[in-house]
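Please read the structure below before turning to the comments.
No value in this document is a laboratory result; all are computed from the given coordinates. Bear in mind the structure is a predicted one, so any value in this text is a computation, not a measurement. Positions of Cβ are backbone-derived with ideal geometry, glycine not excepted, and every protein chain shown enters the neighbour counts.
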Amino acid sequence: MKKVILLTLFLFIGNIIVKAQNIYFGINCGYLKNISLTKDYRSTPQYLKFSRDKALLPSYNWGINFGYKFRNHWSLETQLQFVQIRYKETIDVLYHLQSGIITSSGFAEIDWYHNIAYSRIPVLAKYNFFSPLSKIDLSLIVGPDFGFLIKQTSDYRGVNELGIENQNSLDFEEIPLKQFDFGFQFGIRVESKIKKSLTTFIEVSVYQGFFNIIDMPERFYNSRSPYYENINMVNRHFTANFGIQYNLAHF
């Protein structure tokens, strides 16, 4: 699927470059806020671990955009965005400390940070509301968005009271995620021409995933249920980006 999408994208870009008219490209970066990642979650105790709270964290995204203006008010645009999604889980971990013949137990509160990185390729229709001669423009962008999982990592905070031995034994299972995500992107962009061929823009957009991104393992007869069986994870986030783009032809 990823190869087919990339090949189609490259053919589309190549065809436009050959024509070399009314095309633009740029770079952008900005703020990303998870609106909803985990839904319908029922906390299920794991071995020696109890989850108490989840918090969605602000993050960042950056990328490039490439577009073709085929009408005064209409453009077709694609992007390659790199998106970092973060959330943390506050957990109580049961630990044991031994001093000589004395053994003690207790619960330590730990923040478990989850980091999920995607490369995303939206294919967007863009409608400009103002005249091409205007120095300020307002546009609407909508279209499908294809996501590909790059990496998934985690780290722990607040582990000092566990002791070195218990810290080194922290290895909780990450929720397995699918390699592919698909959804819909909707946004508004404000552009300002600083030169005939150079434009800056501010864009706010919302992405809504369509499917559960958890890669559920096959269940076998009388097998133990995974702790994430009752979790429904759907990507949904808000972005606010600043960018600059260069127009190869004067519109």
If amide hydrogens are placed 1.01 Å from N in the peptide plane, which non-local residues have theirs closer than 5 Å to the one on F130? L138
Taking 7 Å along the Cα-to-C-beta vector as the label spot, tell me the F148-S119 distance in nanometres, rounded to one decimal. 0.5
Treat each spin label as a single point 7 Å out from the Cα along the C-beta direction, and report the L248 to K178 distance in nm. 3.5
Would you mind computing, in nm to one decimal, how far apart the modelled labels at F129 and L198 are, each placed 7 Å from Cα along Cα→Cβ? 2.8
Estimated vicinal HN-Hα couplings, Hz - segment 198-205 in sequence order (Karplus 6.51, -1.76, 1.60; Gly, Pro = x): 10, 9, 9, 8, 10, 10, 10, 8
